[in-house]
1. What is the angle, in °, between the Cα long axis of helix 11-27 and the longest principal axis of the Cα atoms in the chain? Nearest 10 is fine, range 0 to 90.
2. Percent relative contact order of the stretch 55-156, based on C-alpha pairs within less than 8 angstrom and at least six residues apart?
3. Ignoring everything except DSSP H segments at least 4 long, calculate the 222 nm mean residue ellipticity for the chain; use -39,500 (n - 2.57) per segment, divide by total residues, nearest 500.
4. At 7 Å along Cα-to-Cβ for each site, give me the label-to-label distance between ARG97 and LEU144 in nm.
5. Kindly provide the chymotrypsin sites (Phe, Trp or Tyr not before Pro) of the stretch 28-135 that DSSP labels as loop, not H, G, I, E or B, and whose Cβ sees at most 14 other Cβ atoms within 10 Å.
6. Straight-line reach from LYS101: which aspartates and glutamates have Cα under 14 Å away, leaving out those fewer than 8 places along the same chain?
7. Assign unit charges at the C-beta atoms only (+1 for Lys and Arg, -1 for Asp and Glu), then state the dipole size of the chain relative to its Cα centre in Debye, rounded to the nearest 20.
8. Can you tell me the order of 49-57, 96-104 when each peptide is scored by its average per-residue count of other Cβ atoms within 10 angstrom, highest first?
Amino acid sequence: MAAPKKPQVPGLLKGLGVTLNTMAQTLKPKKLGGGAATVQYPHEKETPPLRARGVIALREDNCTSCMLCARSCPDWCIYIEGHKELAPPRRAGGAPRKVNKLDRFDIDYALCMYCGICVDVCPFDALFWSPEYEYSEPKIADLLHDKTKLGEWMETVPEAPALEAGAEKKKGK
């Protein structure tokens, strides 16, 4: 004679049980060991990882309007305008030199795909990744951020991590 079969609980009831258990854990106060496994975003904010890609920040003083970032951008979302000014000579008796000054630097985040090519190609360290991720706007046209806004995000750019042991160039080589 065959052993009697145990009644099978349908998958729907099992899933509902898991959902109810998770919901009960979420409703417990955190000091009692409960709490949600996820961060409840608008009310609690998680600190992004050190090298998180949020928005692109601009250090305006380093930008020479060379246009490398704008030309290498696959989305064409960077708009730069500049002019040339005469600067004092580097050496006494030298001729005044022409330097580029930045008039406009805008990034349209409605077009940007956050590939980071602009940050990589900048030879003057004017563009950096900021971990800032809260910059939504009610109108899509407001996602065009100018150099003032991009400069404000420089405050959120973390310091570069220290080099690992052995990463420095050895003397004599």
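1. 60 degrees
2. Over the stretch 55-156, the number comes to 39 percent.
3. For the chain, the value works out to -5000 deg cm²/dmol.
4. That separation, rounded to one decimal, is 3.4 nm.
5. Sites meeting the loop and neighbour criteria: TRP76, TYR114, PHE124, TYR133, TYR135.
6. Hits, sequence-local ones excluded: GLU60, ASP61, GLU81, GLU85.
7. 880 debye
8. 49-57, 96-104
Just so you know, all these numbers are worked out from the coordinates, no wet-lab data involved. Source: prediction; values computed, not measured. Every residue, glycine as well, gets a Cβ built from its backbone with ideal geometry; the counts of neighbours run over all protein chains shown.
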